[in-house]
Amino acid sequence: MLRTIFDDDHDEFRAAVRSFLDRKVRPEVDDYRLTRGIPRDFWVEAGAMGLLGLDIPETYGGSEALDYRFNAILIEELARVTVAMSSSVAIHADVVVPYLVELGTDEQKRRWLPSIASGHTLAAIGMTEPSGGSDLAALRTTAKRTSDGWVLNGGKTFITNGYSADLVVVAARTTPGAGARGISLFLVDTAAPGFRRGRKLDKVGQDEADTAELFFDALELGEDALLGELDRGFHHMMTFLPQERIGCAVTNIAHAAAVLEETLEYCADRTAFGRPIGMFQHNRFRLAELVTTVDVTQTFVDQCVALHADRRLSAVDAAKAKWWSSQVQNDVIDACLQLHGGYGYMNEYRVARAWRDARVTKIWAGSNEVMKELIGRSLGFDERALTS
């Protein structure tokens, strides 16, 4: 279906991104999977092309596109190659950057943004903890005041880019017993004494993304490490989560669409009982359902992208886009694997790897169950109102 939210400038940008990925990533992506990480030269080359600074002001080395549609194109094209690349780049350039741009002091911006834009500093965000999962208000990592600043203690898990990151935005409790109102954000230089990386986590899928546990052992931070307002970290996270979630939706549907396109080709080439398998009525009807589902979902996600570019996307609509697109992604890719038959279960076929890669999207950035809870509350069914 014709997509109407992009203009000629967006099309030119998409062509440049595709050219870069064809030249740099597609020939090397198998090596990324084997080493379970993205090499530094990718980040530096992407930075040199201006791909990592779309939200960063020119003053700090960015391209200052100020149009989320460019961000969407970048992560969409990455997802068409490998969803792990999209998630890794999105964390660096689409999730961490807004925190610094919107909340950072001039000194913090000068220190970090130019090297993030150039790809010489790799960024991650530390929210999730082993005991809390999606319950960000229950985090246990603490930051206690000292005469010189703060001391950070605790740990994070499932951190994308965590094994390689140079900078981590860390959520920590600064006021005990205050729940969501006692959390603050800190900029943590991973070269600081007291920072320790755990193992590179052995995931079911998305092998290209380095994912790790992070530990903070009496890590000393200066006053200038506080990002945003004291004890307003939860509010800050809720403010920026919609962008992370619409980014997930863009990635999810682009990934599903790419696998479906390859499956259509497979169904035209693969024969059984003397004819292409796509000619069998069941398969033909199934493919019709999948194409329609992807087109309808893409239309909703595009509308969310356009609204976000205009700063009008609500947290509830972002939650709708996140959970629905991840469910569609998993359903479509599972059906594509079935259409490949036994070959679909072979790792040499992209559909098998995509099937594994997709499963986590129903969990991260807030599980689908949490997304439905947010949507349900917006409809007036909020249990908290019964106890207030």
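Structure data summary
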| read-out | value |
| --- | --- |
| Residues satisfying the stated conditions in segment 196-215, i.e. open to solvent by 30 Å² or more (accessible area, probe 1.4 Å) and closer than 22 Å to Gly233 by Cα | Glu213, Phe215 |
| Scan of segment 159-207 for residues that are without any contact (Cβ under 8 Å) to a residue 24 or more places away in the chain and not in a strand (DSSP E or B), ordered by number | Gly177, Asp202 |
| In segment 14-32, the residues that are under 19 Å from Asp67 (Cα atoms) and of a type in the set (Val, Ile, Thr) | Val17 |
| Criterion violated by Lys156 - all others in (1) open to solvent by 30 Å² or more (accessible area, probe 1.4 Å); (2) touching a residue at least 40 places away in the same chain (Cβ under 8 Å); (3) part of a strand (DSSP E or B) satisfied | (1) |
| Boolean, Arg14 is part of a helix (DSSP H, G or I) and either of a type in the set (Ser, Thr, Tyr) or open to solvent by 80 Å² or more (accessible area, probe 1.4 Å) (or both) | no |
| Complete set of residues in segment 301-350 that are touching a helix residue (DSSP H, G or I) at 6+ places or on another chain (Cβ under 7 Å), closer than 22 Å to Met238 by Cα and not aliphatic (A, V, I, L, M) | Cys304, His308, Asp317, Lys320, Lys322, Trp323, Trp324, Ser325, Ser326 |
| Number of the condition not met by Ala124 [criteria: (1) within 30 Å of Val81 (Cβ to Cβ); (2) at pLDDT 95 or above; (3) part of a loop (DSSP other than H, G, I, E, B)] | (3) |
| Top-ranked residue in segment 25-38 [being in a loop (DSSP other than H, G, I, E, B) and over 18 Å from the mean Cα position of the chain (by Cα); ranked as surrounded by the fewest Cβ atoms within 10 Å (Cβ to Cβ)] | Pro27 |
| Leading residue by the ranking (nearest to Ala335 (Cα to Cα)) among those in segment 352-374 that are among the aliphatic types (A, V, I, L, M) and under 13 Å from the mean Cα position of the chain (by Cα) | Ala358 |
| Yes/no for Gly61 being farther than 22 Å from Gly162 by Cβ and more than 19 Å from the chain's Cα centre (by Cα) | yes |
| Subset tally (residues that are within 18 Å of Thr128 (Cβ to Cβ) and open to solvent by less than 10 Å² (accessible area, probe 1.4 Å)) for segment 317-365 | 4 |
| Residue, least open to solvent (accessible area, probe 1.4 Å), within segment 139-153, restricted to residues that are closer than 16 Å to Gly179 by Cα and at pLDDT below 95 | Leu139 |
| Condition check for Val301: surrounded by 15 or more Cβ atoms within 10 Å (Cβ to Cβ), closer than 21 Å to Met1 by Cβ, modelled with pLDDT of 95 or more and hydrophobic (A, V, I, L, M, F, W, C) | yes |
| Residues satisfying the stated conditions in segment 307-332, i.e. touching a Leu at 6+ places or on another chain (Cβ under 8 Å) and not small (Gly, Ala, Ser) | Leu307, Leu313, Val316, Asp317, Val332 |
| Candidates Leu54, Leu21, filtered to the one that is in contact with a Leu (Cβ under 8 Å, 6 or more places away or on another chain) and assigned to a loop (DSSP other than H, G, I, E, B) | Leu54 |
| Matching residues, segment 161-200, being at pLDDT below 95 and of a type in the set (A, V, I, L, M, F, W, C) | Ala178, Ala180 |
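Residues are listed down the side, and each one gets a yes or a no for (1) crowded, with 21+ Cβ neighbours inside 10 Å; (2) in a helix (DSSP H, G or I):
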residue	(1), (2)
Leu221	yes, no
Gln243	no, yes
Asn252	yes, yes
Thr263	yes, yes
Ala268	no, yes
Gly278	no, yes
His282	no, yes
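The values are calculated or read from the model by the stated rules, or taken from the named source; none is laboratory data. Computed from a predicted model, the values in this text were never measured in an experiment. So basically every Cβ, Gly included, is an ideal-geometry build from the backbone, and we count neighbours across all protein chains shown. The area values use the complete protein model at the heavy-atom level, side chains included, leaving out ligands, DNA and RNA. Shrake-Rupley method; radii C 1.70, N 1.55, O 1.52, S 1.80 Å.
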